[in-house]
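Written out below as structure tokens is the structure these notes cover.
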Amino acid sequence: MLNLLPNAKIENQPVIVRKIDKKIGQNDKGYYHLQISYGIKNYDAKIWNDSPEIAEKIPAGSLAYITGVVKDFKGTLQIHINKIDKIDNPSQELINKVIPSASLNQEALKTEVFNIISTIKNKDIKQLLSNIFNNDTIKNMFFKKSAGAEIHHAYLCGLAQHTLEVTKIVINFTQIFPYVNYDIAVAAALLHDIGKIVELSDFPENKYTTRGKLIGHISIGVEILNNFISKMENFPSQIKYELEHCILAHHGTLEMGSPVVPMTIEAIAVHNADKASAEINAFHLAIERDTGTDEWTDYYPTYKRAIKKTTTTT
């Protein structure tokens, strides 16, 4: 993470150019407004030059070296870029250094997922989960994708981390509420966002794919589930319906994108676990990304509030 201070000079600093837009200032002169990132931190940046070559050479999602100076603009750090050069064919080492990542590595996340699968008692559900998460294509994508483009778990391995958080919350629910079916709820938690392996592109781009925009991860997730079930003999139809429902309902409401609302105990458990993981991580990311100089973040449009950055202890 970059820890910048006002008036600090930056020279050949590698960053991800997340957004780049041409603007017109109050003096009617053009300039570029950028959002750049290094690790989890996002910064606003300006290039006081309206050359069309800049946007052509530095598309959003690319890596670039920047040189410039840090300014304090109304209590927020802003980088004024004097020079920017696209990094062509960046090494994997450089990509890993620049992109945001989860606290646990892929191998640790894989171990946790398979340890949880081993606790499933129903042989059909356990076999289904084993088939899905041992599939080379899914395994290679699931453990490196993010869980979102911007708001929550928007970093390398974020999808696996979010999935594990949801699953652990659901496991706690089953201990508090013993009438929640452990195997159905835990399996649904592990699978609820599986469609995001298709919905989101790889880093450093990490954007919604065309199929992701047109179909969405909920429908893609049910498609993946049914594809694997179709290859199993005599998979119980009732379990299939229960798992489908949990995936379809995990956003909770029609307004939030679920085609159906939760109508089983397991579905409402998965929905609430998903909501808790996503919102708590979103607050954490907002705090980590914020470049303001006081104890509150800027107004956060997604949740319609500013967020306090420090916790008072006694």
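Since every read-out is calculated from the coordinates, none of them should be taken as a lab result. Predicted model, so just to flag it, every value in this text is computed and none were measured. Note that each Cβ is placed from the backbone with ideal geometry, even for glycine, and that neighbours are counted across all protein chains shown.
Brief remarks follow.
- Span per principal axis, largest first, for the Cα atoms of the range 168-236 (Å): 42, 31, 17
- Every helix of 4 or more DSSP H residues in the chain counts as -39500 (n - 2.57), and over all residues that averages to -13000 deg cm²/dmol at 222 nm.
- Put in order of Cβ neighbour count within 10 Å, fewest first, the listed residues W48, W296 become W48, W296.
- Cβ-based net charge around L109, under 15 Å, with every Lys or Arg adding one and every Asp or Glu removing one: +2
- Exposure proxy order (Cβ contacts within 10 Å, fewest to most) of Y241, Y155: Y241, Y155
- Annotation: the antiparallel percentage among DSSP beta bridges lying fully within the chain is about 90.
- Computed about its Cα centre, the charge dipole of the range 100-288 is approximately 300 debye, with only Lys, Arg, Asp and Glu carrying charge at their Cβ.
- Each peptide in 8-14, 247-253 receives the mean, over its residues, of other Cβ atoms within 10 Å, and ordering these scores from highest gives 247-253, 8-14.
- Packing here is the average count of other Cβ atoms within 10 Å per residue, and on that basis the peptides 71-83, 160-172, 29-41, highest first, run 160-172, 29-41, 71-83.
- Of the DSSP H helices in the chain, those whose Cα atoms cover at least 20 Å axially and whose Kyte score averages 0.5 or more: 158-176
- Average 1/r across all pairs of distinct alpha carbons in the range 114-200, invert it, and you get the Kirkwood radius: 13.3 Å.
- The calculated P(r) of the range 9-91, using every Cα pair and 5 Å bins from 0, goes 3, 15, 28, 28, 17, 7, 2, 0, 0 in percent.
- Length-normalised contact order of the range 101-234 in % [C-alpha pairs under 8 Å, at least 6 apart]: 22 percent
- Largest-first principal axis extents, alpha carbons of the chain, Å: 68, 50, 35
- N122-M263 FRET efficiency (beta carbon distance; Förster radius 35 Å; 0.05 resolution): 0.95
- Taking Cβ atoms as reference points and 14 Å as the exclusive limit, the residues near A160 contribute a net charge of +2, counting Lys and Arg as +1 and Asp and Glu as -1.
- Proxy reagent accessibility, fewest Cβ within 10 Å first, across S101, S237: S237, S101
- Estimated translational D of the range 183-314 in µm²/s (Stokes, Kirkwood radius over Cα pairs; 10 °C; 1.306 mPa s): 95 µm²/s
- Neighbourhood net charge (10 Å Cβ-Cβ; Lys/Arg +1, Asp/Glu -1) for I184: -3
- Rel. contact order, % - alpha carbon contacts under 8 angstrom, at least six apart, the chain: 14 percent
- Spatial offset of the range 268-314 relative to the range 125-191 amounts to 22 Å, using the alpha carbon center of each.
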